[in-house]
Each structure stands twice: as structure tokens, then as C-alpha cells.
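Here's the structure we're looking at; comments come further down.
What follows is calculated from the coordinates using simple rules that are stated; it is not laboratory data. Only a predicted model underlies this, so the values are computations on that prediction, with no experimental measurement involved. Methodologically, a virtual Cβ is constructed for each residue, glycine included, from the backbone with ideal geometry; neighbour enumeration extends over all protein chains shown.
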Amino acid sequence: MSNVVITGANRGIGLALAQLFKQQGCKVFGLCRHTSDELEALDINVITQIDVATDEGIHNMHTSLAGVAIDILICNAGILRDEQLSHLNLDTIRQQFEVNAVAPLRVVASLQNQLNPGSKVAMITSRMGSIEDNTSGGRYGYRMSKAALNAASMSLSHDLADKNIAVGIYHPGYVQTDMVNHGGDISAVESAARIVGLINELDMSQSGVFKHSNGQVLPW
């Protein structure tokens, strides 16, 4: 039985990932700031008060997962704010960097000694972090923070290689979640199913590759 740890598991893609891995017979640890009825209904290991952008949240996570050998670590928690050049909100830009880029790196660093050879790390990023793919501008904080996450994920793929730990870097698609007011073109369940498939197939030959959930390799 594989131990799967998922951040931001109380709703959206994180919730769907928890459900699918539970269905595959994995022991799932769902981390979140606050739980939800849907998450509780899965009957998994729910760990609350995990704000991965804070020292307290990282401490709570490390304490709650003490002694757990992690086979799959999924950094899914993230936020989306909107800044335009005419209204440059530096507070929301900084907030997105903390949650979307710094926090996932802290999560992996904090739990690295609980990852065994052959374990897998999945970073849920966005194609909006792709510089080449940016054709519309705007969304400064989100784009910049996801580009930073991609850079950190690539570094992790190198730094964890000697332990035979593969790092997947995944854009989930335009998903119908609260983050985009449910305006996406695929459901959270469909996106999660694609991501689970990619994680199950992930090996060292694919470590550090930036992929769309449909399997397409994306440009940096």
C-alpha cells in the first residue's frame, strides 16, 4: 500500500486526487487549512491547520506526518489573484509567491527525509508559468510565481536524482474549480484522473519534464 500525501486536499483537484488514490487502495493523507464535508466523507487521514505558507503550518505538517514513509508527495495547494499593469497590487503578488512557489519547496524540503528511493514528487503548476506560452500578458503574480515554481521543480529533479526520486511538473488544464469560478473546460475529476495516470507512469526518465495533464510536453 502506497502512502500518498496531498496538500490542498479539501476541494477541487486536491479532493479529486485524494478520492482517486483512495480508490486505488493507497493510504492517503489529505492536508488542508480547513477540512470539508467532501473530504471527511472519503474516510482518509485528514490533517487540518496546514497552511503551507506559514512556519506554523510547515511545523504542523512535519509533526503530523512524523514517521510516515511517503511514496507520493503532491504539492497541489495554490492561489490565483489578478493584477494588471494599471493596478499592480504588490501584496497579492508577494502572497502568490509565498503560496505558489516558496511553500511547495518548503514542503518538499521539510519532508525530504521521509521520501525513499523510488518515491515520487508531483508539483501542480500551470502553463501560465510558461514564458514562451504567454500570449496575453497580465496575471503578474500568478505567472511569475508559477514560473518560479517550475524553476524550483527543475532544481528538485536534479537534487533528488541521486535518491532515485522523480519529480513530475504538471499543468492540470483549465479546470472547473472555485479558483476560476468554475469556468474551466474540464472537471476536477477528469484533470485528477489524468494527473494520477502521469504520476503512476512517472519514472526517472520523465523527471523534470513540464507536462500538460493530457501528456503534452509544455515549453518553459
Subject >> Net charge of neighbours whose Cβ lies under 14 Å from the Cβ of VAL52, counting Lys and Arg as +1 and Asp and Glu as -1 >> reply: -2
Subject >> Gain upon complete extension [ASN134, GLU38; 0.36 nm per residue less C-alpha separation] >> reply: 31.1 nm
Subject >> the stretch 27-133: GluC sites (Glu not before Pro) in DSSP loop, at most 10 other beta carbons within 10 Å >> reply: GLU132
Subject >> THR63-GLN95 pseudo-label distance in nm [points 7 Å out on the Cα-to-Cβ vector] >> reply: 2.6
Original post:
Points 7 angstrom from Cα along the Cβ direction at VAL189 and LEU88: gap in nanometres?
Top reply: 4.4
**OP:** Just tell me, in residue order, which DSSP H segments of the chain are both 15 angstrom or longer along the helix axis (alpha-carbon based) and at least 0.5 in mean Kyte-Doolittle hydropathy.
**Re:** 12-23, 188-201
Subject >> Stokes-Einstein D for the stretch 3-212, Kirkwood Rh over Cα pairs, 10 °C, 1.306 mPa s (µm²/s) >> reply: 93
**OP:** Find the centroid of the Cα atoms in the stretch 16-38 and in the stretch 137-154, then give the distance between the two in whole Å.
**Re:** 26
